Structures are given as C-alpha cells and as structure tokens.
Amino acid sequence: MAVCCRLLMLLTLLTLLCVQPGAAQKKKENMLVEKVEQMMDWSSRRSVIRMNGDKFRRFVKAPPRNYSVIVMFTALQPQRQCSVCRQANEEYQVLANSWRYSSAFSNKLFFTVVDYDEGADVFQQLNMNSAPTFMHFPAKGKPKRADTFDLQRIGFASEQLAKWIADRTDVQIRVFRPPNYSGTIALALLVSLVGGLLYLRRNNLEFIYNKTGWAMAALCVVFAMTSGQMWNHIRGPPYAHKNPQNGQVSYIHGSSQAQFVAESHIILLLNAAITMGMVLLNEAATSKGDVGKRRIICLVGLGLVVFFFSFLLSIFRSKYHGYPYSFLIK
C-alpha cells in the first residue's frame, strides 16, 4: 500500500512538472499577443506612440517581446525651450508616417516617444542627460552601443534615421515627405524680382557691369560655402544643443566631425569680419587721401583681422583637441 502511495505521489509530481512549463509558456504567449495587439492599436491611431514610465517599462523593456522599438527621448514642453527637440520631432514624425503608411508596415517595428516631463524616471533609469536622443530596443537582448543614434555626428534628418534603422533592424523605410513648395515659390519670386528690376532699368543697365556688386555677391557665396551651409543642408544638424538638466546651451560642437547650424553662422560672420579688415587694409595702402584718415583705416582693419582671426583660431582649437597654436584668445 505504501509503495502504491509513493508511486501515486511521484506520478502527480511528474504531472505537475510537465503541466506547469506548458501553462507558463501559454501565459507568456498570451501576454505577448496582448502587447502586440495593444501596440498595433496605438499605432493605428498615431504613427508615434507616446509613452510614460509605466508604458515604457511594460512594452519596451519587459519581456516577452518579438518586435523592435525606436524611442525618441525628448523635451517638447514649451518651458524646456528645446528648439532642437521640435526640429527633431518633425523629422521623426515624417519617418514614422512613412513607415506607418507604407505597404511594408508590420508589427515588427514601432515608433515611440518619451517626453522628459512625462517620463523623467525613464531618463534617470537610463542615465540620460541630453535630449533629443534616439535609441533602438531590439526584439531580443539588450541595446548595444550602436543602438544609440549618433545625433551629433550624423544629424536627425529622416533619411539618416531610416538608414540607421535599416542597419539595426533590416527594415527598409522609404521616406515620403509632404510636398513643400516654399523653395519653388521663393525661386519664382526671386526671378520675378530680378526680371522686374531689369525691366524698370532697361534703358540703363550699367549696374550689371559694376565690379563691386559682383564682388559682394561672390563673397556672399564664398562665405556661405566655407562656413558649412551645404553640410547643414545635407546632414540637417540641430541649430544648437541645450542640456535639459542644467539648461546650458552650446552653439559650438565639441567634435571636429560635426557642427551646429549656429556654429556655421558664427563662422560666416567671423570670415566676413576678417575679410572686411583685409579690405580696409588694402584701402589704406592704395588710397591717396589724408594720411591721418588712412592711418585710422589701417588700424581698424588690422584690429578686425587680428581679433577675429584669433577668435576663429580659438574655435578651431576647441574642436580639434590637442591643436597647439593659439593667438590672443585661448
């Protein structure tokens, strides 16, 4: 009898051991189905899913999960005064809409956003002290270093984000931008303005042969190109960077591999000031006016060249760490 009882207990234990893993697996599968259905429901309402701390921990961090999540950590509230965040958010919305309304859309990739004022605990959990930041949370495993988008070096243009996502998830997203006719309208207005000016002065077109005017126009183009405006157009960098914790705004990027839009404006003005100084020096040397006046022009020109070249060199040193030379300003 005792032997039968022991056998019965053993069979019962074995049955429980076999049933429990199956039940746990079933529960895990049901939980995964619920999470995917919920994410799809949110995604059907808006391309970018807004998340607070609880949603982030449940749908992004906690298993089970068979889908990848792109998260933009940002600070969009007006009191944060983060203009870069708003610009990055516009590009992020374009990318998310391109994915949401494409024929390749599936439940394998979702776009979400965590605002600092709605999920400060998430920022603390991830030791994040800057915004905006883009991260990829893979379907399996923890995020690696490459799963954080290099915003400072690459910029936040939708096309660059799509390329990064393709590298991390193998999901190809073709970016569709809404039509923007501002460039066409501006070009048409410019052509109309120039055409109207030429028509009004059709009997006196000597100004076309004005060397000073053409020189000024050429200098404007040179200043724009040498200051990095074309790089800004291609890469789409932020205007400046604001630390959300201490509010400090940086207008000069600390790396030689990237720049801010404000930085290119500063470089443009510095180059223009140095050029103006050189023009004044040339004027003082070649003109035949009053000697005292020429001396003043020479001193002003020399001061412009020396001061602003020193400023330009200091910016160069701040970006190329270890550069040994400086002049007046360090």
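The values are calculated or read from the model by the stated rules, or taken from the named source; none is laboratory data. In this text the structure is predicted, and so the values were computed from the model without any measurement. Neighbour counts are summed over all protein chains in view; Cβ atoms, including those assigned to glycine, are modelled from backbone coordinates with ideal geometry. Note: areas computed on protein heavy atoms with side chains; ligands, DNA, RNA excluded. Shrake-Rupley method; radii C 1.70, N 1.55, O 1.52, S 1.80 Å.
Holding the Cα-Cα limit at 26 Å, pick out from 144/330; 108/163; 211/288; 142/319; 26/55 the pairs that are longer than that.
Checking Cα-Cα distances, 144/330; 142/319 exceed 26 Å.
At 222 nm, what helix-only mean residue ellipticity would the chain give, in deg cm²/dmol to the nearest 500, using -39500 (n - 2.57) for each DSSP H run of four or more?
-19000 deg cm²/dmol
Please identify the DSSP H helices in the chain that span no less than 15 Å along the helix axis (Cα) and have a mean Kyte-Doolittle hydropathy of 1.0 or more. The partial results should precede the final answer.
Values: long enough: 2-45 (64 Å, 0.30); 83-100 (26 Å, -0.86); 158-169 (16 Å, -0.78); 182-200 (27 Å, 2.02); 211-226 (22 Å, 1.37); 261-286 (38 Å, 1.30); 291-319 (42 Å, 1.41).
Membrane-span-like by this criterion, though nothing is claimed about a membrane: 182-200, 211-226, 261-286, 291-319.
Using Cα-Cα distances under 8 Å and only pairs 6 or more residues apart, what relative contact order does the range 254-330 have, in percent?
Relative CO of the range 254-330 lands at 33 percent.
Among rounded, prolate and oblate, which fits the range 53-208 when a ≥ b ≥ c are the square roots of the eigenvalues of its C-alpha gyration tensor, a/c under 1.5 means rounded, and a/b larger than b/c means prolate?
Note, shape of the range 53-208 comes out prolate.
Between 302, 196, 287, whose Cα lies farthest towards the positive end of the dipole of the chain when Lys and Arg beta carbons carry +1 and Asp and Glu beta carbons carry -1, centred on the Cα centre?
Projecting each Cα onto the dipole axis, the largest value belongs to 302.
Given Cα pairs under 8 Å that are at least 6 residues apart, what percent is the relative contact order of the range 96-238?
Worked out over the range 96-238, it gives 27 percent.
Leaving out ligands, DNA and RNA, and with a 1.4 Å probe, what % of the accessible surface on the chain is carbon or sulfur?
Numbers: 12770 of 20870 Å².
On the chain, the fraction of accessible area on carbon and sulfur atoms equals 61 percent.
Ignoring ligands, DNA and RNA, what accessible area per residue does the range 253-330 give at 1.4 Å, in Å²?
Solvent-accessible surface per residue comes out at 61 Å².
Over the heavy atoms of residue 58, what accessible area does a 1.4 Å probe trace out, to the nearest 10 Å²?
130 Å²
Would you look at the GNM of the chain, springs on alpha carbons closer than 10 Å, and say which of 93, 248, 229 moves the most?
248
Quickly rank 285-291, 221-227, 26-32 as a protection proxy: mean count of other C-beta atoms within 10 Å, highest first.
Averaged packing, sorted descending, gives the order 221-227, 26-32, 285-291.
Sorted by accessible area (1.4 Å probe), largest first, how do 320, 199 line up?
Per-residue accessible area, sorted high to low, gives 199, 320.
Which peptide among 185-197, 128-140 comes first, and what is the full order, when sorted by highest mean count of other Cβ atoms within 10 Å?
Packing order, densest peptide first, comes out as 128-140, 185-197.
Which residue, chosen from 241, 214, 275, occupies the Cα position most advanced towards the positive end of the dipole of the chain, where the dipole is computed from +1 (Lys, Arg) and -1 (Asp, Glu) charges on Cβ about the Cα centre?
Working it through, the farthest residue towards the positive pole turns out to be 241.
When only Cα pairs under 8 Å and 6 or more residues apart are kept, what is the percent relative contact order across the chain?
Reported relative contact order: 14 percent.
Mind jotting down the distance between the C-alpha centroids of the range 194-216 and the range 112-146, whole Å?
56 Å
Could you sort 273-279, 322-328 so that the peptide with the highest average Cβ count within 10 Å comes first and the rest follow in order?
On the way: 273-279: 16.6, 322-328: 9.4.
Order by mean packing, descending: 273-279, 322-328.
Excluding ligands and nucleic acids, what accessible area in Å² is computed for residue 241 using a 1.4 Å probe, to the nearest 10?
40 Å²
For the range 66-132, state which chymotrypsin sites (Phe, Trp or Tyr not before Pro) are in a DSSP loop and have at most 10 other beta carbons lying within 10 Å of their beta carbon.
On the way: sites: 67, 73, 92, 99, 101, 105, 110, 111, 116, 123; in loops: 67, 101, 105, 116.
Here the sparse-neighbourhood loop sites are 101.
Calculate how large, on average over all directions, the projected area of the Cα convex hull of the range 176-311 is; give the answer in nm² to one decimal.
14.0 nm²
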